[in-house]
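The values are calculated or read from the model by the stated rules, or taken from the named source; none is laboratory data. Bear in mind the structure is a predicted one, so any value in this text is a computation, not a measurement. Note that we place each Cβ from the backbone using ideal geometry, even for glycine, and neighbour counts take in every protein chain shown.
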């Protein structure tokens, strides 16, 4: 079960997962969980696989301390079934700290 932790992703980042080892979900798909925080209120993120959107401008929690993501408190997506394909995780409005967990489905 790969987990990707990204710290201080800049606002306006089109795809924070681009170029990483686990940027694509393999066939037959996966369960994806995302937790995210931002330093101040108002930060949003969006997540899609291929052309299917799962989060659109989802509000993030304010971090409890610098660059910290609490997997329970800050969870935005919880074991969401997603199809195979390239993942896109954009940081829309503010700096974000993100944790993405990918549970590959058995093929």
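Taking the numbered list (1) surrounded by 18 or more Cβ atoms within 10 Å (Cβ to Cβ); (2) modelled with pLDDT of 95 or more; (3) over 30 Å from residue 107 (Cα atoms) in turn, residue 90 passes all entries but (3). Taking the condition part of a strand (DSSP E or B) and surrounded by fewer than 17 Cβ atoms within 10 Å (Cβ to Cβ), does residue 78 pass? Against the criterion (part of a strand (DSSP E or B) and surrounded by fewer than 17 Cβ atoms within 10 Å (Cβ to Cβ)), residue 78 qualifies. Quick one: is residue 65 out of contact with any strand residue (DSSP E or B) (no Cβ under 6 Å at 6 or more places or on another chain) and free of Cβ contacts under 8 Å to residues at least 60 places away in the same chain? Against the criterion (out of contact with any strand residue (DSSP E or B) (no Cβ under 6 Å at 6 or more places or on another chain) and free of Cβ contacts under 8 Å to residues at least 60 places away in the same chain), residue 65 qualifies. Does residue 31 satisfy the criteria of being over 18 Å from residue 6 (Cβ atoms) and modelled with pLDDT of 95 or more? Yes; evaluated as a whole, the condition is true for this residue.
Against the condition part of a strand (DSSP E or B), loosely packed, with under 15 Cβ neighbours inside 10 Å and either more than 12 Å from the chain's Cα centre (by Cα) or at pLDDT below 95 (or both), how does residue 106 come out, does it pass? Reasoning before the result, please.
On the way: part of a strand (DSSP E or B): no; loosely packed, with under 15 Cβ neighbours inside 10 Å: yes; either more than 12 Å from the chain's Cα centre (by Cα) or at pLDDT below 95 (or both): yes.
Judged against the criteria, residue 106 is not a match.
Strands (runs of 3 or more DSSP E) fully within the stretch 1-59 that include at least 1 residues being in contact (Cβ under 8 Å) with a residue 60 or more places away in the chain, on the phi < 0 side of the Ramachandran plot and within 12 Å of the chain's Cα centre (by Cα): 3-9, 30-38. Residue 101 meets the stated requirement of being in contact (Cβ under 8 Å) with a residue 24 or more places away in the chain and under 17 Å from residue 21 (Cα atoms). Suppose the filter is farther than 17 Å from residue 1 by Cα, assigned to a loop (DSSP other than H, G, I, E, B) and under 13 Å from the mean Cα position of the chain (by Cα); does residue 69 pass it? It is true that residue 69 is farther than 17 Å from residue 1 by Cα, assigned to a loop (DSSP other than H, G, I, E, B) and under 13 Å from the mean Cα position of the chain (by Cα).
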